[in-house]
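Engineer: Could you have a look at this structure, given as structure tokens, before my questions?
The values are calculated or read from the model by the stated rules, or taken from the named source; none is laboratory data. This structure is a prediction, so every number in the text was calculated from the model and none was measured. Neighbour counts are summed over all protein chains in view; Cβ atoms, including those assigned to glycine, are modelled from backbone coordinates with ideal geometry.
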Amino acid sequence: MITLTKEDGPADLDGVTHLSIGVSWDPTAGSSGGVLGKLRRNSGTDLDLIAIALQGGDPVRLAGLDSLDPMGNGSLVHSGDNQTGRGDGDDETVTVEFARIPPHITSIVFVAAAYKKGSSFQKARNISFKVYDATGGTSQQVADIWPSLLSQDNGCAVAKAVRVGGSWKLEVINTTGKIKQGDEHALMRFAISK
């Protein structure tokens, strides 16, 4: 089992064959109550969890948005887009099977973003990123990461998995920043800067 915090630095993933990262959030009405507030809560806000696979410093694959299995072999799989944040548990997840990640992939950065126009972190409450050791077909939570509610940013670099020789390490990043909405290149530049 691994235990992760930002302060502890990278954790060895020895014995961890499958890892999942999930994001959950609750929609909010902002400062509006009444009918308008209820309509905003019902429509929610769209946060996106995205995994960016890097070859050296270059992004080469994205899991998320409209790509659910970018490697084509089930090694990096996105659960699909939740556009409202309604419901219990994780709203979106990315699962990694480390043994099947192609050898030229050197790291994977996990980013959450209010990526689509009109979405923002300010329209969501209780944003939480959970990391699970999913080895052996069960999921054991090993970290719960909460970004600041005061952030005016629309992106958060959650964590980064790095290949070190024949094994992997995972580092909690939990750093926010601005990403131009709808711009995949801006999203990738944000991820590789972390």
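Engineer: Of the residues that make up the range 88-107, is at least one surrounded by fewer than 17 Cβ atoms within 10 Å (Cβ to Cβ) and at pLDDT below 85?
Structural biologist: Yes, some residue in the range 88-107 is surrounded by fewer than 17 Cβ atoms within 10 Å (Cβ to Cβ) and at pLDDT below 85.
Engineer: Taking the range 123-176, which residues are farther than 17 Å from Leu47 by Cα and among the polar types (S, T, N, Q)?
Structural biologist: Thr135, Thr138, Ser139, Gln140, Gln141, Ser167
Engineer: Pick from Phe121, Phe129: which is buried (at least 19 other Cβ atoms within 10 Å of the Cβ), hydrophobic (A, V, I, L, M, F, W, C), within 16 Å of Asp91 (Cα to Cα) and modelled with pLDDT of 85 or more? Lay out the reasoning, then the answer.
Structural biologist: Numbers: Phe121 fails: modelled with pLDDT of 85 or more.
Result of the check over Phe121, Phe129: Phe129.
Engineer: Which residue out of Ala157, Ala112, Ala124, Ala63 is small (Gly, Ala, Ser), touching a His at 6+ places or on another chain (Cβ under 6 Å) and closer than 25 Å to Lys180 by Cβ?
Structural biologist: Values: Ala157 fails: touching a His at 6+ places or on another chain (Cβ under 6 Å); Ala112 fails: touching a His at 6+ places or on another chain (Cβ under 6 Å); Ala124 fails: touching a His at 6+ places or on another chain (Cβ under 6 Å).
None of the other options fit; the residue is Ala63.
Engineer: From the list Ile105, Ile179, pick out the single residue that is touching a Phe, Trp or Tyr at 6+ places or on another chain (Cβ under 6 Å) and outside any strand (DSSP E or B).
Structural biologist: Numbers: Ile105 fails: touching a Phe, Trp or Tyr at 6+ places or on another chain (Cβ under 6 Å).
After ruling out the rest, the residue left standing is Ile179.
Engineer: Please count how many residues of the range 38-84 are part of a loop (DSSP other than H, G, I, E, B), surrounded by fewer than 17 Cβ atoms within 10 Å (Cβ to Cβ) and modelled with pLDDT of 85 or more.
Structural biologist: The total comes to 7.
Engineer: Every residue in the range 148-170 that is surrounded by fewer than 17 Cβ atoms within 10 Å (Cβ to Cβ), touching a residue at least 12 places away in the same chain (Cβ under 8 Å) and assigned to a strand (DSSP E or B), please.
Structural biologist: Val162, Ser167
Engineer: Kindly check whether there is at least one residue in the range 159-174 that is closer than 10 Å to Ala113 by Cα and either in contact with a Pro (Cβ under 7 Å, 6 or more places away or on another chain) or not polar (S, T, N, Q) (or both). Let's see the steps before the verdict.
Structural biologist: Restricting attention to the range 159-174, the residues satisfying the condition of being closer than 10 Å to Ala113 by Cα are none.
The answer is no; no qualifying residue exists.
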